[in-house]
């Protein structure tokens, strides 16, 4: 065992965490934004809205993320007309993929809002978007907060998959150090500990929110 | 739009068609093997988490926490790169040089142990959802605690966790794609490999995604039948 390899390369490896967090944030916000619209589509009574939205969600939920990253790496340049680079195509893949998961979380949150509230809002003369914005979504967001944080942790872990297209996030950098130093045991233990600590903190926070919500209900 | 020469015939060409089929077959048996490990180990971890001994409960909880909070890809690398280095020198060398398809076995074990941590949570929630009255009634009829567990509680818990277990089996299939990073040529890996020979990655990845879609549809259809059979009469049906 030679733990010096970690202290020597600490700066380089932890530098990758910046990209990891950046990717998590983009995937989270982009996915939630697109997911909101998908969720509304899934709740729509219009068939031509409901079916495409459902097909989208079911399709992406049946795919491995690593394949979606690959797929958009090849597909995106065809649509855009020029090479996009690994970062942008990966982020597009993340947003498209995560939107399908967020839409289901958001749909669950929206369905947890009592129908009477929407009816009351309609009775006061509010329009569809105003009702969503001021009545439904604020309450739904509170109900789905624990699920959203759990998903954020999963995304944080999944950013490591960008490895396959060569993005230098945290795990890729650990891997690069390993190819140079051949110290697999120490390096992957270190990576595991870093991910474990961050994800555990996140899930403790989700548990805390869940308990608070239960307490406010009781 | 960029000019892109679609050549779908690559998928059934003499060289690459069999490759793709081989990849699909690898995905199927790798995932099923991992599922066997994952469901057995998962049941044991779930039972450990509900055991009357504090140490056993803690060990079960620690297992779930560790495997859930470390990305699967890190676990893959750990099993593939670090475990042979951790073993005694001779054994590590033997693993690295003499064992064919080491990545495959590492992938199965890694995916199995990871799936176990998720299955354990599903089964545990199934156990917690068994009504107390059922267990009490079984004890009242004179069944011993062990027989109550074996013939009443465990089957009941497994039957109500069925719908969620089907999600985990689907995740197992999807997660098997990660074994491509340790050199296993399953569907996704094969799609990448054919791309590196032909530069027609778009066709191959599209084909791969249709394969996963087909696998999902098959598993969903199969589980719909299983769930119908295993449904406990008198309980609510799955809503969606």
- Item | Spacing of the two label points (7 Å from each Cα toward its C-beta) at residue A:12 and residue B:90, in nm | 3.6
- Query: Hey, with R₀ at 60 Å, roughly what FRET efficiency would residue A:88 and residue B:134 work out to, going by the Cβ-Cβ distance, to 0.05?
  - Reply: 0.65
- Task: Label segment A:4-217 by shape, choosing from rounded, prolate and oblate, from the square roots a ≥ b ≥ c of the eigenvalues of the Cα gyration tensor; if a/c is under 1.5 it is rounded, and otherwise prolate applies when a/b is larger than b/c, oblate when it is not.
- Result: oblate
- Query: Relative contact order of chain B: what whole-number percent is it, with Cα pairs under 8 angstrom and at least 6 residues apart?
  - Reply: 28
- In nm, spacing of pseudo-spin labels at residue A:58 and residue B:66 (7 Å Cα→C-beta vector): 4.0
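Rounded to the nearest 0.05, what FRET efficiency do residue A:115 and residue B:21 have when you use their Cβ-Cβ distance and R0 = 56 Å?
Values: r = 51 Å, r/R0 = 0.91.
Efficiency computed from Cβ-Cβ geometry: 0.65.
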- Query: Where does helix B:162-175 land angle-wise versus the long Cα axis of chain B, in degrees 0 to 90, nearest 10?
  - Reply: 30
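Fewest to most neighbouring Cβ within 10 Å: what's the order for B:66, A:164? Spell out each step's value before the answer.
Details: B:66 15, A:164 23.
Fewest-to-most ranking of B:66, A:164: B:66, A:164.
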- Message: Using a 7 Å offset from the Cα along the Cα-to-Cβ direction at both residue A:201 and residue B:57, what is the distance between the two label points in nm, to one decimal?
- Response: 2.9
- Message: Using Cα springs under 10 Å in a Gaussian network model of chain B, which residue among B:186, B:121, B:90 shows the largest mean-square fluctuation?
- Response: B:90
- Of A:140, A:162, A:99, which is the most mobile in a GNM of chain A whose springs link Cα atoms less than 10 angstrom apart? A:140
- Message: Sort B:165-173, A:14-22, A:37-45 by the packing proxy (mean of other Cβ within 10 Å over each peptide's residues), most packed first.
- Response: B:165-173, A:37-45, A:14-22
- Task: Enter the Cα centre distance for the pair segment A:106-167 and segment A:199-218, rounded to the nearest angstrom.
- Result: 17
- Expressed as a whole number, the average count of other chain Cβ atoms within 10 Å around the Cβ atoms of B:202-211 is 4
- Item | Packing rank of B:46-54, A:57-65, where each peptide gets the mean count of other beta carbons within 10 Å, highest leading | A:57-65, B:46-54
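Given the rule -39500 (n - 2.57) for each run of at least 4 DSSP H residues, summed and divided by the residues of chain A, what is its mean residue ellipticity at 222 nm, to the nearest 500 deg cm²/dmol? Show your work: numbers first, answer last.
Numbers: 9 runs with 178 residues, N = 218.
Per the formula, -28000 deg cm²/dmol.
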- Message: If you consider only alpha-carbon coordinates, what radius of gyration and Dmax does the protein assembly as shown have, in Å?
- Response: 23.8, 78
- Under the definition of Cα pairs under 8 Å and six or more residues apart, what whole-number percent is the relative contact order of chain A? 30
- Note on the structure: Listed with the fewest Cβ neighbours within 10 Å leading, A:56, B:4 appear as B:4, A:56
- Item | Choice from A:181, A:98, A:169 showing the highest fluctuation, given a GNM over chain A with Cα pairs closer than 10 Å | A:181
- Hey, with R₀ at 45 Å, roughly what FRET efficiency would residue B:8 and residue A:182 work out to, going by the Cβ-Cβ distance, to 0.05? 0.60
- Item | In degrees, nearest ten, helix A:4-43 long axis to first principal axis of chain A (Cα) | 20
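Note down, for chain B, the three equivalent ellipsoid semi-axes (square root of 5 times each alpha carbon gyration tensor eigenvalue), biggest first, whole angstrom. Working shown, then result.
Details: eigenvalues 315, 125, 33 Å².
Semi-axes (√(5λ), whole Å): 40, 25, 13.
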- Against the longest principal axis of chain A, how steep is helix A:86-111, in degrees 0 to 90 to the nearest 10, with axes from Cα atoms? 40
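Just so you know, all these numbers are worked out from the coordinates, no wet-lab data involved. Not measured: the values here are computed from a predicted model. As a convention, Cβ positions derive from the backbone with ideal geometry for all residues, glycine included, and neighbour counts pool all protein chains shown.
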